[in-house]
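Worksheet: the structure to be examined is printed underneath.
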Amino acid sequence: MKKEFKIAYEVIASRNDLSDTEKKLYDAAFEARKNAYAAYSDFKVGCALLLDNGEIITGSNQENAAYPSGLCAERTAIFWTSANYPNAKILKMFVIGSPSGSVSPVPIPPCGACRQSILEYEARQKDPIEIYFSSIEGEIIRAACIRDLLPFSFDGSYL
Ligand code: THU
């Protein structure tokens with residue numbers, strides 16, 4: 001028997017087409033990207049989270065000479081949030097990535113490891129985390145929840 005996943009997502013033409021709240025989050029991720037420490041890849045990523053207490057938390061990728069010791073922008077932001085606001089829910093996450101030199105308008109999606117980490121918090125808070133991702137220009141992709149970006153996801157319910 002053949003089955004398939006259908007994944008819904010939206011394509012937003014540019015920052016101009018975002019709501020005011022979304023624009024704030026976009027701008028926070030854009031600014032956070034500037035603090036990326038991308039000494040080895042030169043690929044800079046900024047992430048901004050909107051919490052249910054109204055706060056915006058940001059993160060950026062932090063690299064290391066021992067490459068796997070570095071961390072992506074998304075995990076920098078969600079781990080800090082959970083460490084400091086363990087009871088807050090994450091409503092939205094914006095991710096903006098691009099090499100520091102050449103600019104491409106192709107939206108940069110969260111990597112697999114980050115999707116798995118985001119899923120943990122989505123499952124924990126029992127409410128979806130809306131995911132937005134883009135380059136530093138061009139279209140923005142919006143998904144209703146991280147589970148939509150991680151078919152056949154593994155979570156704590158299997159343990
Ligand atoms: N990176 C992120 O920060 N988030 C992602 O979802 C993809 C990759 C970072 C990790 C590394 O510092 C650089 O981008 C190149 O892979």
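In the chain, a dipole from Cβ-located charges (positive for Lys and Arg, negative for Asp and Glu) runs towards its positive end, and of Ser14, Ala48, Ala73 it is Ala73 whose Cα lies farthest in that direction.
Each Lys and Arg Cβ is given +1 and each Asp and Glu Cβ -1; about its Cα centre, the chain then shows a dipole of about 300 debye.
Report, to one decimal in Å, the Kirkwood hydrodynamic radius for segment 49-102 based on all distinct Cα pairs. Show your work: numbers first, answer last.
On the way: mean 1/r = 0.0819 Å⁻¹.
Taking every pair of different Cα atoms in segment 49-102, averaging 1/r and inverting gives 12.2 Å.
Tally up the carbon and sulfur contribution to the accessible surface of the chain as a whole percent, 1.4 Å probe, everything protein left in place. Reported share for carbon and sulfur atoms: 54 percent.
Looking at the chain, the accessible area is 55 square angstrom per residue; that uses a 1.4 Å probe and ignores ligands, DNA and RNA. Expressed to the nearest 5 percent, the antiparallel share of DSSP beta bridges inside segment 1-154 is 80 percent.
Counting only protein heavy atoms and using a 1.4 Å probe, the accessible area of Phe154 comes to about 110 Å².
Residues whose amide H falls under 5 Å from that of Leu150, counting only those 5 or more places apart or on a different chain, are absent, with hydrogens built in the peptide plane.
What whole number of Å gives the distance from the Cα centroid of segment 112-142 to the Cα centroid of segment 65-91? If you average the Cα positions of each part, the centres end up 13 Å apart.
Would you mind counting up the charge near Asp42? Only other residues with Cβ under 14 Å from its Cβ, with Lys and Arg at +1 and Asp and Glu at -1. Before the final figure, lay out the partial values.
Numbers: positive: Arg33, Lys34, Lys44; negative: Glu63.
Here the charged neighbours net out to +2.
Between Ser102 and Ser69, the FRET efficiency from the beta-carbon distance, with R0 = 22 Å, is close to 0.25. Dividing the summed -39500 (n - 2.57) terms of all DSSP H runs of n ≥ 4 by the residue count of the chain sets its mean residue ellipticity at 222 nm at -8000 deg cm²/dmol.
Can you flag which of Lys2/Lys89; Lys6/Lys126; Lys44/Lys92; Lys2/Lys92; Lys24/Lys89; Lys6/Lys92 are past 26 Å Cα-Cα?
Numbers: Lys2/Lys89 37 Å; Lys6/Lys126 22 Å; Lys44/Lys92 20 Å; Lys2/Lys92 34 Å; Lys24/Lys89 18 Å; Lys6/Lys92 22 Å.
With Cα atoms farther than 26 Å apart: Lys2/Lys89; Lys2/Lys92.
The values are calculated or read from the model by the stated rules, or taken from the named source; none is laboratory data. Predicted model only: the values in this text are computed from it and were never measured. Note that each Cβ is placed from the backbone with ideal geometry, even for glycine, and that neighbours are counted across all protein chains shown. To get the accessible areas, we keep the full protein, side chains included, count just its heavy atoms, and leave off ligands, DNA and RNA. Shrake-Rupley method; radii C 1.70, N 1.55, O 1.52, S 1.80 Å.
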